[in-house]
């Protein structure tokens, strides 16, 4: 259909609407301007509240980390952090064993652990040991989930360091590993069945 015919069709429809009964004509807004503004604001507030309530129902990573720490303190196994590791991490200046509550998983040659100091709950250690390569990495993490210190052990010799960007990236992966196991997030409910 050409552009001209479309215009004629639209004009014919408008003429029909003009002469049609009031029930067939489109409604015209007769609401006062102030009332329209108030209704629009009310609708915006309701929409924002609904969006916020759905967002608030999903815990943040930091909240999930705190729940993982609490779960480990309540349900973790009694263990101890070895003296040399606790010294390199700065948890025990006099190189003593540190009692911890521990979650761990062994998968083949890899052992992963999530430990919380039994005495000082803001000393959290996440570690990965690769037994085949004789390498281990220990992350000292704050209660908020931030890297405080990293200890790398190769061939039985430990090195401590300030966390690098690569360390923080690897720690994020390890934290997610533990959060998925200790505090899984339920899938979002969509209401469709």
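The values are calculated or read from the model by the stated rules, or taken from the named source; none is laboratory data. Model, not experiment: these values are computed from the prediction. Glycine gets a Cβ as well: all are built from the backbone with ideal geometry, and neighbour counts include every protein chain shown.
Exactly one residue out of 149, 175 is touching a helix residue (DSSP H, G or I) at 6+ places or on another chain (Cβ under 8 Å) and more than 18 Å from residue 63 (Cα to Cα): that is 149. Residues in the stretch 177-191 include none that are more than 20 Å from the chain's Cα centre (by Cα), outside any strand (DSSP E or B) and surrounded by 14 or more Cβ atoms within 10 Å (Cβ to Cβ).
Yes/no matrix, rows are residues, columns are (1) in a strand (DSSP E or B); (2) surrounded by fewer than 15 Cβ atoms within 10 Å (Cβ to Cβ); (3) modelled with pLDDT of 90 or more; (4) out of contact with any strand residue (DSSP E or B) (no Cβ under 9 Å at 6 or more places or on another chain):
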{"residue": "88", "(1), (2), (3), (4)": "no, no, yes, no"}
{"residue": "102", "(1), (2), (3), (4)": "yes, no, yes, no"}
{"residue": "106", "(1), (2), (3), (4)": "yes, yes, no, no"}
{"residue": "111", "(1), (2), (3), (4)": "yes, no, yes, no"}
{"residue": "129", "(1), (2), (3), (4)": "yes, no, yes, no"}
{"residue": "136", "(1), (2), (3), (4)": "yes, no, yes, no"}
{"residue": "149", "(1), (2), (3), (4)": "yes, no, yes, no"}
